[in-house]
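Peer 1: Take a look at this one; I'll ask things after.
Bear in mind that the values in this text are calculations on the coordinates, not laboratory data. Since the model is a prediction, treat every value here as computed from it, not as a measurement. All Cβ positions, glycine included, derive from the backbone under ideal geometry; neighbour counts span all protein chains shown.
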Amino acid sequence: MISQCSHYRKRNSMASSVRSARGSSAVELGIAVLVMIAVVAFGLNISMAMIGYTTNDRACRDAARSAAQGATVAEAIERAQRILSTYKNTGNPFFKNLAIDSLTYTDFSGAPPAGVSPFVKVVTSASSDIPCPVNIFGNNVFGNSLKFRKQYTFPIVKLTVKL
């Protein structure tokens with residue numbers, strides 16, 4: 001009789017250890033899934049930020065380069081706006097509000113001082129929506145979008161020089 005009781009206790013303790021092992025595996029899996037979701041969301045946010053930054057950077061550089069080809073202020077503005085219109089139609093729903101903040105066309109009225117080159121300076125801004133906003137204790141850490149601003153300066157190529 002004693003041997004039967006000890007056998008029953010062993011068998012019952014083995015069954016409960018198997019059940020607790022399955023339960024701890026489920027808890028570990030749940031924690032791992034939550035961590036992986038956070039890592040993927042962070043990766044998406046960083047990807048959208050990098051896409052927004054590089055698109056604004058390229059658009060500003062290309063707009064300044066194109067504006068430097070203009071012979072007048074009006075032509076420089078028109079050329080820069082044309083370049084920006086191509087970047088606005090990228091098909092990325094997260095990239096928005098690309099615009100020229102300022103365009104400075106400094107040609108010194110065709111008579112630049114010695115050692116100084118005429119230049120055009122273009123400043124653009126844009127924003128990129130965050131696909132997975134980060135909320136900590138009810139506070140949105142980054143907001144719903146990131147804002148970018150970039151400036152490029154190029155020498156004016158076509159200049160009418162007064163002699």
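Peer 1: Taking θ as phi - 60°, what are the ³J(HN,Hα) couplings along segment 129-135 by the Karplus curve (6.51, -1.76, 1.60), each to the nearest whole Hz, with x for Gly and Pro?
Peer 2: Taking θ as phi minus 60°, the curve returns 5, 9, x, 10, x, 9, 10 Hz for segment 129-135.
Peer 1: Simple spin-label model, 7 Å along Cα-to-Cβ: Ala74 to Met50 in nm?
Peer 2: 4.4
Peer 1: If you take the charge dipole of segment 36-155 about its Cα centre, with +1 on Lys and Arg Cβ and -1 on Asp and Glu Cβ, which of Leu44, Pro112, Thr124 is farthest toward its positive end?
Peer 2: Farthest towards the positive pole: Leu44.
Peer 1: Using amide H atoms built in the peptide plane, which far-off residues or other-chain residues are under 5 Å from Leu98 H to H?
Peer 2: Result for Leu98 returns Ser127.
Peer 1: Let me ask another. Once phi is turned into θ = phi - 60°, what whole-Hz ³J(HN,Hα) does the Karplus curve with 6.51, -1.76 and 1.60 give for every residue of segment 151-156, x standing for Gly and Pro?
Peer 2: For segment 151-156, the Karplus curve yields 9, 9, 10, 10, x, 6 Hz.
Peer 1: If you don't mind, another one. Provide the packing ranking of 102-113, 26-37, 76-87, i.e. peptides ordered by the mean count of other C-beta atoms within 10 Å per residue, highest first.
Peer 2: On the way: 102-113: 13.9, 26-37: 10.0, 76-87: 17.6.
Going by the mean number of other Cβ atoms within 10 Å, highest first, we get 76-87, 102-113, 26-37.
Peer 1: Which net charge results for the neighbourhood of Met48, defined as the other residues with beta-carbon distances under 12 angstrom from its beta-carbon, given Lys and Arg at +1 and Asp and Glu at -1?
Peer 2: Charge balance in the 12 Å sphere: 0.
Peer 1: Additional query: Describe numerically, in nm with one decimal, the distance between label points set 7 Å from Cα along Cα→Cβ at Leu34 and at Lys96.
Peer 2: Reported label-point gap for Leu34 and Lys96 is 3.2 nm.
Peer 1: Subtract the Cα-Cα distance of Thr153 and Thr104 from 0.36 nm times their separation in residues, and report this length gain in nm to one decimal.
Peer 2: In short, 16.7 nm is gained.
Peer 1: Taking K and R as +1 and D and E as -1, what net charge do the other residues with C-beta under 12 Å from the C-beta of Glu75 add up to?
Peer 2: Charge balance in the 12 Å sphere: +1.
Peer 1: Determine which aspartates and glutamates satisfy two conditions relative to Lys158: a Cα distance under 17 Å, and not lying fewer than 8 residues away in the same chain.
Peer 2: Output for Lys158: Asp62, Glu75, Glu78, Asp107.
Peer 1: Another question about this same structure. If each Cα of segment 36-155 is one equal point scatterer, what is log10 of I(q)/I(0) from the Debye formula at q = 0.15, 0.18 Å⁻¹?
Peer 2: -0.70, -0.87
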